[in-house]
Amino acid sequence: MNNLYGGSQAEALPTSDFQWDPNPEKFMDPNFIKNLTPDDPVGYWLECDIDFGKKLHDKRAFNCYPPLPETKVITYRMLSPEAKKLLIDKIGKKAAKNFKSKKLVSTLQNKRKYKVHYLNLQQAMKFGCKLKKVHRVISFKQKKISKNFLNFMTKRRKYSRTKIEERLCKGI
C-alpha cells in the first residue's frame, strides 16, 4: 500500500474488552513477546522499564533515530552550549535561565514506566533494548476493521480520472 496514513489505519486497531492483564510477569519472557504477531486477536499496551545498553549508543542507526520517543520538558540546563547561546541571543539571559519547553524527543536514555505498544516493544528488543521490568499491562481485542475499506479507496484513487475524484477518494 502506497499510503502511510491509510497503511497504519489498515493495521489491527483496538476494538473492545480492555482489561488489566492479571499476569504481567509473562511479558518478561522474551519468547512470549517475540511470538506475538500484528494479526493476533488480542493486543497489549505495557508500562515497563527499558534499558539501552552501552553497545546501543554506538549503533550508527541509533545516532539519527533512537527508538521509543517520549515527551519531556526541556530546560535551559539540558541545552547544549550552542543552543544556550542562541536562546540567550533570542530572548535574553534572564528569560533564558527560566526556559522550559515540552518536546517529543528521541534519546538513548533508559525509560522508566514507559508506555509502549507490544509491536514497538518487539522492534526495540530486536534492536537490542533490554526489558527490565513490566509494571502493568492492558490487553484488548483488536481487528483490522478499516483494511478492506482503505484498500478499496486506495485502488479507487489510483484509477480516478480527475483531480476532484482523486481528492474525494483521499479525503474519505
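Take Phe99 and decide whether it is within 30 Å of Asn35 (Cβ to Cβ), touching a residue at least 12 places away in the same chain (Cβ under 8 Å) and of a type in the set (Phe, Trp, Tyr).
Numbers: within 30 Å of Asn35 (Cβ to Cβ): no; touching a residue at least 12 places away in the same chain (Cβ under 8 Å): yes; of a type in the set (Phe, Trp, Tyr): yes.
Against the criterion (within 30 Å of Asn35 (Cβ to Cβ), touching a residue at least 12 places away in the same chain (Cβ under 8 Å) and of a type in the set (Phe, Trp, Tyr)), Phe99 does not qualify.
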Name the residue that is modelled with the highest pLDDT, counting only residues in the stretch 1-18 that are closer than 13 Å to Lys144 by Cα and touching a Gly at 6+ places or on another chain (Cβ under 9 Å).
Pro14
Which fully enclosed helices (runs of 4 or more DSSP H) of the stretch 82-168 have 2 or more residues being out of contact with any strand residue (DSSP E or B) (no Cβ under 9 Å at 6 or more places or on another chain), hydrophobic (A, V, I, L, M, F, W, C) and at pLDDT below 95?
93-97, 147-158
Among the numbered criteria (1) touching a Leu at 6+ places or on another chain (Cβ under 6 Å); (2) more than 26 Å from Trp20 (Cα to Cα); (3) without any contact (Cβ under 8 Å) to a residue 60 or more places away in the chain, which one does Leu79 miss?
(1)
How many residues of the stretch 14-50 are surrounded by 16 or more Cβ atoms within 10 Å (Cβ to Cβ) and not in a loop (DSSP other than H, G, I, E, B)? The answer is 11
Six or more apart or on different chains, Cβ atoms under 8 Å: show the pairs whose first residue is in the stretch 146-162 and β-branched (Val, Ile, Thr) and whose second is surrounded by 15 or more Cβ atoms within 10 Å (Cβ to Cβ) and assigned to a helix (DSSP H, G or I).
Thr154/Gly6; Thr154/Cys169
Of those in the stretch 107-124 that are without any contact (Cβ under 8 Å) to a residue 60 or more places away in the chain and either over 18 Å from Lys54 (Cβ atoms) or within 12 Å of the chain's Cα centre (by Cα) (or both), the residue surrounded by the most Cβ atoms within 10 Å (Cβ to Cβ) is Asn120
Residue that is under 30 Å from Leu13 (Cβ atoms) and surrounded by 14 or more Cβ atoms within 10 Å (Cβ to Cβ), where the choices are Leu104, Leu79, Leu68, Leu56:
Leu68
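With under 26 Å from the mean Cα position of the chain (by Cα) and of a type in the set (Phe, Trp, Tyr) as the only criterion, which of Phe127, Phe99, Phe152 stands out? Spell out how you get there, then give the answer.
On the way: Phe99 fails: under 26 Å from the mean Cα position of the chain (by Cα); Phe152 fails: under 26 Å from the mean Cα position of the chain (by Cα).
Going through Phe127, Phe99, Phe152 in turn, the sole match is Phe127.
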Checking the condition of a type in the set (Val, Ile, Thr) and farther than 30 Å from His57 by Cβ, which residue from Ile138, Ile74 passes?
Ile138
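The values are calculated or read from the model by the stated rules, or taken from the named source; none is laboratory data. Keep in mind the model is a prediction, meaning the values are calculated, not measured. Every residue, glycine among them, receives a Cβ derived from its backbone with ideal geometry; neighbour counts consider all protein chains shown.
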